[in-house]
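Working notes, structure below.
The values are calculated or read from the model by the stated rules, or taken from the named source; none is laboratory data. The shown structure was predicted, so the numbers you read here are calculated from the model rather than taken from an experiment. In this analysis, Cβ positions are derived from the backbone assuming ideal geometry, glycine residues included, and neighbour counts consider all displayed protein chains.
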């Protein structure tokens, strides 16, 4: 619940300052019409006051009081606090390494009753995962013949999800360099100091490009403390007797996950992929709680503007009566 408050209420102690100065000047027998001003100026000022009406003097006094109040209220910094939930910093950095090889364009999955490509299904399910991970830093690595960091590690999960939705087949070639994709993912996490560092790799094929072997990269991940989870899309080529060119090398993905301290999943449907993502979330734990923080809507500008206009009115009125 919001409430009005002042950040520096002690400035209200200055409110009686003009009255104190006026009383002090009387006590010291100093003319109250001015302090240490030339006699000629004081004489002219007395003549001007003599010709001014009492109504004008009253409103001039009120305007000066309003201006002074505006200055003091502005210095006291009025504001309205809003209690909001703090970003729940979790201490987790997660890289999604996504296969963009040519086989990811194959339409052999369904989403909401319609046939979709493997990549479109990954976009849909992975986007949901990303947007559930507020408090984690999420990054994107894409790989095919080449590798590319599509999004740096960021707390802005919506921006990362939007980047994911823009990915297209052919951006980095059409082969499958799983080892290179893992290697770049580890590089993005190498300098991270958070307690938990995760790579979630999604692929539908076998490592057939690049110079890095996936299991060798997984061994490096184990040494530096990065955990690897793998998800294979489609049918396991070890269980197919023929036409296995578009099948996933699930044996390699299992070995990579085992060496990397994670788990491997095989997704033959959209439900399988969503289930795998949610199981990985459970394994890396939920978001860490954080105390609420307070943001303030500062209101000091309004009394200051009021004071400025009040002083402007006094100045204009004084000039017109000369």
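Evaluating residue 192 against the criteria (1) part of a loop (DSSP other than H, G, I, E, B); (2) closer than 23 Å to residue 247 by Cβ leaves one unmet condition, (2). Of the residues making up the stretch 246-257, those that are more than 14 Å from residue 108 (Cβ to Cβ) and touching a residue at least 40 places away in the same chain (Cβ under 8 Å) number 5.
Here's the yes/no breakdown for (1) surrounded by 22 or more Cβ atoms within 10 Å (Cβ to Cβ); (2) in a loop (DSSP other than H, G, I, E, B); (3) in the same structural domain as residue 147 (by TED's automatic domain parsing):
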{"position": "175", "(1), (2), (3)": "no, yes, yes"}
{"position": "187", "(1), (2), (3)": "no, no, yes"}
{"position": "202", "(1), (2), (3)": "yes, no, yes"}
{"position": "207", "(1), (2), (3)": "yes, yes, yes"}
{"position": "212", "(1), (2), (3)": "no, yes, yes"}
{"position": "215", "(1), (2), (3)": "no, no, yes"}
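With respect to the stated conditions, residue 159 is surrounded by fewer than 21 Cβ atoms within 10 Å (Cβ to Cβ), outside any strand (DSSP E or B), under 26 Å from the mean Cα position of the chain (by Cα) and assigned by TED's automatic domain parsing to the domain that holds residue 98.
Of the residues in the stretch 31-39, at least one is out of contact with any strand residue (DSSP E or B) (no Cβ under 6 Å at 6 or more places or on another chain), modelled with pLDDT under 70, loosely packed, with under 13 Cβ neighbours inside 10 Å and in a helix (DSSP H, G or I). The set of residues in the stretch 256-274 that are part of a helix (DSSP H, G or I) and modelled with pLDDT under 95 comprises 270, 271, 272, 273, 274.
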